[in-house]
Structure formats: C-alpha cells, structure tokens
Amino acid sequence: MNAIYTAVATSSGRDGRAVTSDGRLDVILAMPNEMGGTGEGTNPEQLFAAGYAACFSTSLGIVAKRMAIDAGDVAVTAEVSLVPRASGSGFALATVLRVELPEHIADETARALVDATHQVCPYSNATQGNMPVEIVIE
C-alpha cells in the first residue's frame, strides 16, 4: 500500500508525554480526574476527539463540494467516551459527533451529507464496526 502521508508519534503512557517525530505536537499526558488522575495534562481520548472532529469536518467539506452543496461554515464536535467493554474485560471507545451545519441546508440534505461523509472520513472508516458512532445534526 502506498501511503499518502504517515504521522509518527511516540508516547510514554497516560501519565507521560506524547511527541510527534517532527516536534510539532509535544504534549504532557495525564489521567483525567474522573479516572483518579491529576487531570493536569491531555489524554488519549481528547487527542482522538480532536483528530476525529478535524478529519470529519474536512471530509464533510469535500463531500459537500462533490454533492454541490454550499456547506459554508461547519463545526464538528467529537465526544469520545471511554466505556467498559460488555465482556467486562478492558475498555472500549464510543463517539458522538455533533455536526453544526448552516440553517439553509434542509434536514434531508443534511442527513444525506453527513451519511456520505461518514463513508468517506478516514476516522469513520477506521472505526466502522469497531466502536459505536452516533452522528447528531445540530
């Protein structure tokens, strides 16, 4: 497979540091308060949420252009939750994507747009069948 781009990051764990190979991302990681940590750093769920929101938003713009829809300014908020697995062994992720579209886009068109975007977005494709993703149009 020929990669278009490869991101490289190294982490020392949830209570440590994460750094990309180019040094553009260098963050202190900490367990959230809700998990008994200090909360004095970011965490993997926040990083995943930021990436998913950015990727879905960009993908939505591409899909809107292909569908000849003037999507204008859009905002995507990703809520990534760490949840216990049904088996009781370990944890899993669940995501809610909140998509804010301009008011001039009709409900039916908005649904078609976000559904098509969910088929194109690399994060959506990576998570499909692996975690629940709910898409809410606001």
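Each reported figure results from applying straightforward, stated rules to the coordinates on display, with no laboratory input. Everything numeric here is computed off the predicted structure, so don't read it as measured data. Cβ coordinates were reconstructed from backbone atoms using ideal geometry, including for glycine residues, and neighbour counts include every protein chain displayed.
Quick notes on this one:
- Members of region 4-22 that are outside any strand (DSSP E or B), hydrophobic (A, V, I, L, M, F, W, C) and without any contact (Cβ under 8 Å) to a residue 12 or more places away in the chain: Ile4
- Residue match in region 54-68 (condition: closer than 30 Å to Thr109 by Cα, hydrophobic (A, V, I, L, M, F, W, C) and in a loop (DSSP other than H, G, I, E, B)): yes
- Of all the residues in region 81-115, those that are surrounded by 15 or more Cβ atoms within 10 Å (Cβ to Cβ) and part of a loop (DSSP other than H, G, I, E, B) number 2.
- Restricting region 116-138 to residues that are of a type outside the set (S, T, N, Q) and part of a helix (DSSP H, G or I), the residue that is farthest from Ala92 (Cα to Cα): Ala116
- Considering residues of region 67-80 that are over 11 Å from the mean Cα position of the chain (by Cα) and touching a residue at least 24 places away in the same chain (Cβ under 8 Å) only, the residue surrounded by the fewest Cβ atoms within 10 Å (Cβ to Cβ): Asp73
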